[in-house]
Amino acid sequence: MTATVAADGFTLLRVVVIPPRTERSFRTRRLHAMRIIALALSLLLPVLVWGSDLSAGQPGPPIEVKLLDSSQKILLSGATGKVTIVNFWATWCAPCREEMPAIQAYYDKHKSEGLQVIAISMDDSSKLDEVRRMASHYTFPVAIKNEANIKGFGRIWRLPSTFVIDRQGVLRKNGHEGDPTVDLPALEALVTPLLGVH
């Protein structure tokens, strides 16, 4: 609706009155926006989540990490002669904290058989003190994402995520698939047979 105030043929003021938005129009706009977001996510999510072509039975991704509070680096690429568990975790992740003692127990039991574990914290460097505190409870190597080249693993979209690479450098457990957590029976079932293959 428009109202005009005029004097001597000149328009002094034109007022446009816009009716208030109804609750229905707000809901309609919100629903439309949510549909657009859902469509965008459905198109982008596969690219973000499956940023790499990881597949069990294929060569594992290369990895280079600088160990926490050390100048030592670990480089994995191809056959290393060791079975490697790569575990992605964070200090704020409760399931990560729950599974790490099982990883430690498995590491203690099998490290002399050619097992190595690399635990990579996905925390920001601002959380370094918390990462150090948590890492102090474990004897396997720990790194932080800021000092690791882990691009080959794609986007780490869930935590924990555990990958297993055999002695020949073949990926045997893809951490993007299946149960995100591991426990002692799962490690015994999956990793122990790989330790027996030379």
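Quick check on I18: is it more than 16 Å from the chain's Cα centre (by Cα) and either modelled with pLDDT of 90 or more or assigned by TED's automatic domain parsing to the domain that holds L187 (or both)? Break it down into steps so the answer makes sense when it comes.
On the way: more than 16 Å from the chain's Cα centre (by Cα): yes; either modelled with pLDDT of 90 or more or assigned by TED's automatic domain parsing to the domain that holds L187 (or both): no.
Against the criterion (more than 16 Å from the chain's Cα centre (by Cα) and either modelled with pLDDT of 90 or more or assigned by TED's automatic domain parsing to the domain that holds L187 (or both)), I18 does not qualify.
Residue under question is S121, and the condition is that it be over 30 Å from H198 (Cβ atoms) and hydroxyl-bearing (S, T, Y); does it hold? Spelling it out, S121 is indeed over 30 Å from H198 (Cβ atoms) and hydroxyl-bearing (S, T, Y). Looking across segment 180-191, the residues that are surrounded by fewer than 20 Cβ atoms within 10 Å (Cβ to Cβ) and either outside the structural domain of L115 (by TED's automatic domain parsing) or part of a loop (DSSP other than H, G, I, E, B) (or both) come down to P180, T181, D183.
Among the candidates L171, L194, L187, which residue alone is in contact with a His (Cβ under 9 Å, 6 or more places away or on another chain) and among the aliphatic types (A, V, I, L, M)?
Working: L171 fails: in contact with a His (Cβ under 9 Å, 6 or more places away or on another chain); L194 fails: in contact with a His (Cβ under 9 Å, 6 or more places away or on another chain).
None of the other options fit; the residue is L187.
Evaluated against (1) under 26 Å from P193 (Cβ atoms); (2) without any contact (Cβ under 8 Å) to a residue 40 or more places away in the chain; (3) not in a strand (DSSP E or B), W92 falls short on exactly one condition, (1).
Residue-by-condition table, conditions (1) more than 14 Å from P141 (Cβ to Cβ); (2) buried (at least 16 other Cβ atoms within 10 Å of the Cβ):
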| position | (1), (2) |
| --- | --- |
| S70 | no, no |
| I74 | no, yes |
| G78 | yes, no |
| N87 | no, yes |
| T91 | yes, yes |
| P95 | yes, no |
| S112 | yes, no |
| I118 | no, yes |
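The residue of segment 42-88 that is modelled with the lowest pLDDT, among those that are in contact with a Phe, Trp or Tyr (Cβ under 9 Å, 6 or more places away or on another chain) and assigned to a loop (DSSP other than H, G, I, E, B), is G51. Looking across segment 85-109, the residues that are under 13 Å from I120 (Cα atoms) and of a type in the set (S, T, N, Q) come down to N87, T91. Sub-8 Å Cβ pairs linking a first residue in segment 169-198 that is over 16 Å from Q58 (Cα atoms) to a second residue that is acidic (D, E) and crowded, with 18+ Cβ neighbours inside 10 Å, at least 6 apart or interchain, are T181/E99; V182/E99; D183/E99; V197/D166, ordered by first then second residue.
Only residues that are surrounded by 17 or more Cβ atoms within 10 Å (Cβ to Cβ) and within 18 Å of W89 (Cβ to Cβ) were counted in segment 153-179, giving 14.
The values are calculated or read from the model by the stated rules, or taken from the named source; none is laboratory data. These figures come from a predicted structure and were not determined experimentally. So basically every Cβ, Gly included, is an ideal-geometry build from the backbone, and we count neighbours across all protein chains shown.
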